[in-house]
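A short worksheet on the structure shown next.
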Amino acid sequence: MIRLSIYLLCFSAFLGAHAEDSVNADRMASMDEMLWAEEVEGAQALAWVRKHSDRSLADLQADPRYQGLESDAKEILTSQERIPYGSVRDGFVYNFWQDATHVRGLWRRTPVDQYANEEPEWETVLDLDQLAKDEGKNWVFKGAQSFKPKGSDHYMYLISLSDGGKDAVVNREFEMASKSFIEDGFETPEAKQDAAWLDRNTVLIATDWGEGSLTDSGYPMIVKRWERGTPLETAVELFRGQQTDVGVSPLVIEFEDGTVVPCAVESDTFFTSTYWHFSEDGNSVEWPLPQKSDFEGLYQDWMLIALREDWIPKGQDIALKAGDLCAFDFRAFWESGILPEVSLVFRPQKTQAVNRVAITKGAALLSINENVTSKLLRLERSGSDWAHDEIRLPGEGTAYVVFADKNEDSVFVGYDDFLTPDSVLKYDAKSGDVASLKKIPEKFEADGLVVEQHFVSSKDGTAVPYFIVRKQEIPFNGSTPTLLYGYGGFQISMRPHYRATVGKLWLENGGAYVLANIRGGGEFGPDWHQAGLKTHRQRIYDDFIAIAEDLIERKVTRPDKLGIMGGSNGGLLMGVMLNQRPDLWNAVVVQVPLLDMLRYHLLLAGASWVDEYGSPEQPEERAFLEKISPVHNFAPKEKKYPTPFFVTSTKDDRVHPGHARKMGALFEEAGLPFYYYENIDGGHSAAANQVERAKRIALEYTYLMKQLF
């Protein structure tokens, strides 16, 4: 959960003058008066939310374009013509499916040999709509963790359920034979938690154990061993981290011979981790890895590690670089406690970056970026030497391993690009063949559309890429409504994808879509991300501004026709752009944002992000945060602001809804127009199901059309 809880955030710049501005006493005092916004379900806060959500909904839904946009979005999101992505277990493909009839969704399965059929025969395993009705909960499916015990022919399952889409979940053991929850099986109370099967009767679990068991970020810091048939409170402590950690998660590693090893991952910060494994007598052994590294999997008992910093293994004559993929014989280390020879598996070039490794029976697959598009490589080991062969893909887009498992022969690879709908390819690890398995029909009219990649020089001279999708025959006189999307954080790459709602609701209506590959992301590896950390974050905002200015200079669009959008970390980017360059855009969609950067570390999971943004408790870092914090740099008497649209969720237990509330309240206080929508459910996605998601998307594009068309 800790590693997967990634947040989108964005920035901008105000003609270079912003760097000398600082937070004044009046602004600090006014923000202190807005602490009511941090009471998630406080009476004053919810009254404000209802007032402005109702007002905004009435305005946007009255627009004659809204109903058509919502209908198109709902049709796409609930269509039967979607790929049922799935995982293979015991000869079945398991899939979670939502549509207009099954709003909360079905967990279902079909035999592997039927999966390629146009209409497989699906068998319902768990009906979330019925379960929610029976139990009086707004259940959101958060996944099923499977485990095949040594010597067993069948998998066991722990299902994670969230009430309303929160990160906090309950885990409940599920039996496939009866398709029901086990009455006296493993079951946990609601919490932000992680669990991992050790054997058929034992689970490793990190959860809220009571006072003193959570980190400052609100995540578990204690891993315990829990035996079947015993109360959760009697679980035996295996590992305890520090309160200052982001969190601690359990991990179980299995060798080729079936031996399982209990482990723990201590996330010291958001980007640094310490890994441990435990002997039968309970002794803990720390893995001799650099803190900025990621465990990618175990292949033929060799541990694959992606490096985020340079590393010279102690006592060895090898110099590894940030971005490298390396490996060593983990079995030998487990038995001896001595780090064996570390070998280089893959070193990316300047235009490349390692994404992830997937392990299947008889193969290890490596996905990489190549100038932001994808390549997929098969890794081969001969002793300590490694080779890689490229796997043929349909085009220059985005490829990713949908499913691979060391216990299964099937490998599913997803592929799409801006104009090519999603498809699933089946990769044969024995022959190396790639065959089309499933694909969806086009969801929008792509004829006449072109995709281009451009590079623009940022303020410091760095070449920054971006993609533009547009009609080939646009006039280049600045008249094209253009939507620029950005993220720029947490080493998350923004890659070409088939965005059906963007195509149908925006491109078909004559808009252009631009995807920014600004620093802070992972498009070109760790250095691209780390260039924008903490007090260097203005580089990210300068990159985004440079792209906007390039679009205007090339007369694709002009400021009154240019809109921007970003969520989470991208929402921060939007807030910064509002302040630094309000002259550049006429629409700003601010989704589930961070906007109060002097208190973000005190709200929900905020403390986990200080390694990305810097800490308000450190003088130098606070001084920078004061210069860019959106709520503290709001200056309505000095700047002419476009009308923004703030989108958040009451149930978001990752990024606090108080951020969006505060910024909206500042606009209200200044008498400036703004739109605001806070969904009661939905968690960090601001939508708990596809119907709610369609509504949110339709509201956003109605707003964009009102502002830009």
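The values are calculated or read from the model by the stated rules, or taken from the named source; none is laboratory data. Treat the numbers as computed from the prediction; the structure is a model and nothing was measured. Every residue, glycine as well, gets a Cβ built from its backbone with ideal geometry; the counts of neighbours run over all protein chains shown. Side chains included, ligands, DNA and RNA excluded: accessible areas come from the protein's heavy atoms. Shrake-Rupley method; radii C 1.70, N 1.55, O 1.52, S 1.80 Å.
General remarks:
- Test: residue in the stretch 157-165 that is open to solvent by less than 30 Å² (accessible area, probe 1.4 Å) and in contact with a helix residue (DSSP H, G or I) (Cβ under 6 Å, 6 or more places away or on another chain): yes
- Wholly enclosed strands (runs of 3 or more DSSP E) of the stretch 294-367 bearing at least 2 residues of a type outside the set (A, V, I, L, M): 325-329, 343-346, 352-360
- Matching residues in the stretch 283-301 - criterion: being in contact with a helix residue (DSSP H, G or I) (Cβ under 9 Å, 6 or more places away or on another chain), open to solvent by 30 Å² or more (accessible area, probe 1.4 Å) and farther than 14 Å from Asp324 by Cα: Val285, Pro288
- Residues being of a type in the set (Asp, Glu), in contact with a Leu (Cβ under 8 Å, 6 or more places away or on another chain) and in a strand (DSSP E or B) are represented in the stretch 388-403 by at least one member.
- Pairs are defined by a Cβ separation below 6 Å, a sequence spacing of at least 6 or placement on different chains, a first member in the stretch 637-659 that is within 17 Å of His52 (Cβ to Cβ), and a second member that is β-branched (Val, Ile, Thr) and at pLDDT below 95; the pairs so defined are Thr650/Ile680; Pro657/Thr650.
Yes or no, residue by residue, for (1) among the small types (Gly, Ala, Ser); (2) out of contact with any Leu (no Cβ under 9 Å at 6 or more places or on another chain); (3) crowded, with 20+ Cβ neighbours inside 10 Å:
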residue: Leu419; (1), (2), (3): no, no, no
residue: Ser423; (1), (2), (3): yes, no, no
residue: Lys430; (1), (2), (3): no, yes, no
residue: Asp433; (1), (2), (3): no, yes, no
residue: Ser436; (1), (2), (3): yes, no, no
residue: Lys443; (1), (2), (3): no, yes, yes
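- Inter-residue pairs, beta-carbon under 8 Å, first more than 15 Å from Lys74 (Cβ to Cβ) and in the stretch 492-507, second of a type in the set (S, T, N, Q) and open to solvent by 20 Å² or more (accessible area, probe 1.4 Å), 6+ apart: Ser493/Asn355; Tyr498/Thr420
- Residue satisfying all of: in the stretch 232-281; over 27 Å from Ser217 (Cα atoms), out of contact with any helix residue (DSSP H, G or I) (no Cβ under 7 Å at 6 or more places or on another chain) and not in a strand (DSSP E or B); least open to solvent (accessible area, probe 1.4 Å) among these: Gly258
- Residue satisfying all of: in the stretch 123-156; touching a residue at least 40 places away in the same chain (Cβ under 8 Å) and among the hydrophobic types (A, V, I, L, M, F, W, C); surrounded by the fewest Cβ atoms within 10 Å (Cβ to Cβ) among these: Phe147
- Residue check for Leu304: open to solvent by less than 20 Å² (accessible area, probe 1.4 Å) and of a type in the set (A, V, I, L, M, F, W, C): yes
- Enumeration of residues in the stretch 449-486 that are open to solvent by 60 Å² or more (accessible area, probe 1.4 Å) and either free of Cβ contacts under 8 Å to residues at least 24 places away in the same chain or of a type outside the set (Asp, Glu) (or both): Val451, Gln453, Phe455, Ser457, Lys459, Lys471, Gln472, Pro475, Phe476, Asn477
- Residue in the stretch 98-107 that is surrounded by 15 or more Cβ atoms within 10 Å (Cβ to Cβ), in contact with a helix residue (DSSP H, G or I) (Cβ under 8 Å, 6 or more places away or on another chain), outside any loop (DSSP other than H, G, I, E, B) and modelled with pLDDT of 95 or more present: yes
- Subset of the stretch 358-411 (residues that are more than 17 Å from Gly432 (Cα to Cα) and without any contact (Cβ under 8 Å) to a residue 12 or more places away in the chain): Ser382, Gly383
- Failed condition for Asp527, given (1) surrounded by 24 or more Cβ atoms within 10 Å (Cβ to Cβ); (2) within 17 Å of Thr462 (Cβ to Cβ); (3) more than 18 Å from the chain's Cα centre (by Cα): (1)
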